[in-house]
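Everything below concerns the one structure shown next.
The values are calculated or read from the model by the stated rules, or taken from the named source; none is laboratory data. Since the model is a prediction, treat every value here as computed from it, not as a measurement. FYI the Cβ positions are ideal-geometry reconstructions off the backbone, even for glycines, and counts take in every protein chain you see.
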Amino acid sequence: MSNNHSKGKKTVLVSTRKFWWRFKKNRAAVGGLLITIAFALMALSASVISPFDPFNMNFLEVFHPPSPSHLMGTDRFGRDILSRIFWGTRISLLIGFASAGIATLVGVPVGSISGYFGGRVDEVIMRGVDVFLVIPTFFLILLIVSIFGGSVWNVMAVIGLTSWPSTARLMRAEFLSFKEQDFVEAARSVGVGEFRIILREIMPNAIFAAIVNASMQVAGAIMTESSLSFLGLGDPNSISWGFMLRDALESSRIAPWNAIFPGLMITLVVVSFNLLGDGLNDALNPHLKEK
Amino acid sequence: MALLSVDNLKTYFYTSRGIVKAVDGVTFEIDRGKVLGVVGESASGKSVTAHSIMRLVPDPPGKIVGGQILLGTTNLLSVDEAEMRKIRGSRIAMSFQDPMTYLNPIVRVGDQIAEALIIHEGLDKTSARKAAVEAMQMVQIPSAEEREYDYPHQLSGGMRQRILLAIALSCRPELLIADEPTTALDVIVQASILELLKDLRNRLSSSIMLITHDLGIVAELADDVCIMYAGKVMERASVDLVYSSPGHPYTRSLLESLPSLEAEQTKLKSIEGDVPDAISPPSGCRFHPRCSYAADSCKEAIPSLEEVERGHWVACIRYDQLDAKEA
Amino acid sequence: MLTIGLKKMVASRLIVAFPLILSTIIINFTIVHLAPGSPVDYMLSGAISGLPGGIPPGYLEAMKAKFGLDKPLHEQLVLYIVNVLKGDLGFSFVYNRPVIQVITEALPATLLLTISGFVVGVCLGLITGVKSSERPYSLTDNVVTTSSLWLWSVPIFWLGMMMLLLFSFQLNLFPAQGMSDPGVKGFEYYLSVASHLFLPVATLGVAQFALYTRFTRASMLEILSKDYITTARSKGCSRRAIYYYHALRNALLPIVTVLGLRVPHLLMGSVLVETVFAWPGLGRLLFESISRRDYPIIQGIFLIFSIITIVANLLMDVTYGYLDPRIRYK
């Protein structure tokens, strides 16, 4: 162990190869990963794979049911739903990843410091975090977005800045438990400095929990964004599945395909990120699953 | 005929790291009205034996793989679960080691005692409550009528242990299995529980199987002793015989490690080495790596329990050579 | 009934509740003042659509005086807090009435829907969770676990729309919108409400159940491995007694703790469901206020929901304290 410290290596408790092997065994998790990748590809290549221009209105083809030319039918402006689905992937994934990214970027340092140093710092930070737990964050987001506008940047920032507390809590718990462990004692006794311990000893291990959490947060952010769009907030110039569902609300009786497909997509994306997160979690903590 | 007869009992645990042979061929008897002390270090299998008799071994990962357990004429290993439930609590009952975790924290202690009475003796709630108070008085709990409405967290450790005993004794079982009744308590409380157990032994007609690692308690309470090590019985005899002329090297070491009030001692004598790995135990006699009398022959075959004199059973192939050759 | 232990707990929770409510009010204030434009714009928004003649003369001055808009910021904050605590949440030009009135009219419908949905979700979750824990990793358990994962990922408003499509439009079993049929009185009114209530509550309940079943299962499995379950078995208890009398009652305690944390999520679901089914509660009010830019209403709803969350958490804590004798008795 002391060799590691003097050579500047970090101590990682999870072996990467074993981790992948366990992950691969979990078929649901692999499925989740594949679907996630599929959606990412869909988003990136939306302009290429879309049969129609998603903004193109065609009043001759309003409310057409699914047909060979319009695989998912058309909406009330005659726009091709399949193309709009492809383009909608961009917004969902963009906001999902960005929000989770912001939450992680803010939450990980805050939680780590709070958990590692404890004492007054910890108390103050946790008080602030607790406020977020009690306040219904969705409505806070709603209020802010309605006042400041629903542009993509706003939505990203607001969702990210209201979800970092849960990441912080998680990291705090991880650091609290890790800092008592033997390998940290060993590092300290050899004279490794505090920040080095945080970054090279504990963080590489604690970060896994943050990654799992981030996956769940992407799912949550996508859900929040679609809920916001459904309620009418969000960027009216962009294409969002939630917006599509809002449009479909009035016409679902006569054109149910308007409503079915966008919601199906949201479900699929959210499920895949949840499965991915679950799978990562199981692969990292196999002893929790043992009977 | 003995009340309880355990014959070549084997209980294994199937884990991802291998098969743990927690109980590997254990044989003993308990006569009516007698107290058997089952002594051993941790991982000797004494607790698992008790759980096997009650068929409380968690399955998976545990399984009783062989042997026979006779309670009177009933073979406990062949009855179905419904039948076993009728036996548990009424014919055999068990009290446990840690009184805090073995009591339901949100049920009043009186109700926890009364439960067994309602199940087995068909009493209604009021009569069961009354009988519960009597049981509490029997285990010497003061102001039992008020205490019965308490919750476990409101009682002291010694009180809780008495409650556990009251639960076990409420239906006057033929056999009481007391699993380490004093271990989780501090010394002064231990003494009072010991007095209680002596009193119960004298008053009740139940037999008692007393599981402990404390040789002192065994000396005061038990009629017979069964010494276990690594899932096997090493020696079995009456208390007098075992304490006066211990047959097995392990027993001898145990007795020697007791601090003596009379003789001068500068160092406490302990047994060298560690308890063996339950998944891959030593070959032959399980104790041989730590035994000061061990010879090469000890590694080869597992010694069986032999009756070396009347009522005295020892599992050691070098038994008759022990006094002659002190290693 | 109210032991000292309980009273202490209620008191400590109440002490925590007030600063939380205060924080919410302050957040409300801060957001409006950080926003582009002046706070007056937000208070008066909706006036264009609401009042044909424009803003009445002298109104602006009255508003400025009331909220002290020319005074320093901290004084404004204090004024705002005092106003809110007095029950004055502003005026809605869209509805032409004080915000507090509009909200209190819509509140009962929301409470009816939300509480019903909550009860249905919890009951469903408890039942399936306990059943799952009886035979972990069996077929039933796997089906329940998988379906709860999927249900958790379905957007609740989409679930509602699908329910609408199937049960209302296709099968014609339930009405599609609103809370009751117009002009109906007496007993028929209650029947009408019930039939309108069914689909929204089903949607809310099914969406909630996903989380509760997982948690119940986990809680039960943890309790079942506890030592006092071994004691119960050693007494000869039946399977039913062990699961329901001993295990479930203990498993409920951590579940109650979690329930309190789920209230914000429940409220969000309720709002979305109301929008889908045009249920005349705060959710639909919110939906319409967003499109009409009626900010006082939006702020008021945020405040009310925060208060509901805090109060619900308080109730959950008290319930927990009542159920757990370790808190109730010293």
> Which fully enclosed strands (runs of 3 or more DSSP E) of segment B:190-248 have 3 or more residues being more than 14 Å from the chain's Cα centre (by Cα)?
Replying inline: B:232-238
>> Of the conditions (1) within 22 Å of C:I21 (Cα to Cα); (2) of a type outside the set (A, V, I, L, M, F, W, C); (3) at pLDDT below 90, C:T309 satisfies every one except a single condition; which number is it?
In response: (3)
> Looking at segment B:139-159, which of its residues are away from chain C (no Cβ under 11 Å) and assigned to a helix (DSSP H, G or I)?
Replying inline: B:A144, B:E145, B:E146, B:R147, B:G157, B:G158, B:M159
> Taking helices (runs of 4 or more DSSP H) that do not extend beyond segment A:9-114, which have at least 1 residues that are modelled with pLDDT of 90 or more and surrounded by fewer than 19 Cβ atoms within 10 Å (Cβ to Cβ)?
Replying inline: A:27-44
> What do you reckon, is C:A207 under 27 Å from the mean Cα position of the chain (by Cα), farther than 18 Å from C:S133 by Cβ and either more than 14 Å from chain A (Cβ to nearest Cβ) or not in a helix (DSSP H, G or I) (or both)?
Replying inline: no
> Taking the condition at pLDDT below 90, over 16 Å from C:L111 (Cα atoms) and within 14 Å of chain A (Cβ to nearest Cβ), does C:R262 pass?
Replying inline: no
> In segment A:151-241, which helices (runs of 4 or more DSSP H) lie fully inside it and hold 2 or more residues that are within 12 Å of another protein chain (Cβ to nearest Cβ) and of a type outside the set (F, W, Y)?
Replying inline: A:152-178, A:203-231
> Just checking, which of C:Y137, C:Y95 is in a loop (DSSP other than H, G, I, E, B) and either aliphatic (A, V, I, L, M) or closer than 29 Å to A:V271 by Cβ (or both)?
Replying inline: C:Y137
>> I'd like to check something: does segment A:127-145 contain any residue that is aliphatic (A, V, I, L, M), more than 14 Å from chain C (Cβ to nearest Cβ) and in a helix (DSSP H, G or I)?
In response: no
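Consider segment C:237-274. How many of its residues are assigned to a helix (DSSP H, G or I) and under 15 Å from the mean Cα position of the chain (by Cα)?
Going through segment C:237-274 one residue at a time, the tally reaches 16.
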> If C:G160 passes every condition in (1) farther than 17 Å from A:I260 by Cα; (2) touching a helix residue (DSSP H, G or I) at 6+ places or on another chain (Cβ under 8 Å) but one, which one does it miss?
Replying inline: (1)
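Can you tell me how many residues within segment A:143-167 are aromatic (F, W, Y) and surrounded by fewer than 21 Cβ atoms within 10 Å (Cβ to Cβ)?
2
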> Counting only residues that are crowded, with 24+ Cβ neighbours inside 10 Å, at the interface with chain A (Cβ under 10 Å from one of its Cβ atoms) and assigned to a helix (DSSP H, G or I), how many does segment C:283-297 have?
Replying inline: 4
> Would you pick out the residues in segment A:245-258 that are touching a Phe, Trp or Tyr at 6+ places or on another chain (Cβ under 7 Å), in a helix (DSSP H, G or I) and facing chain C (nearest Cβ under 8 Å)?
Replying inline: A:L245
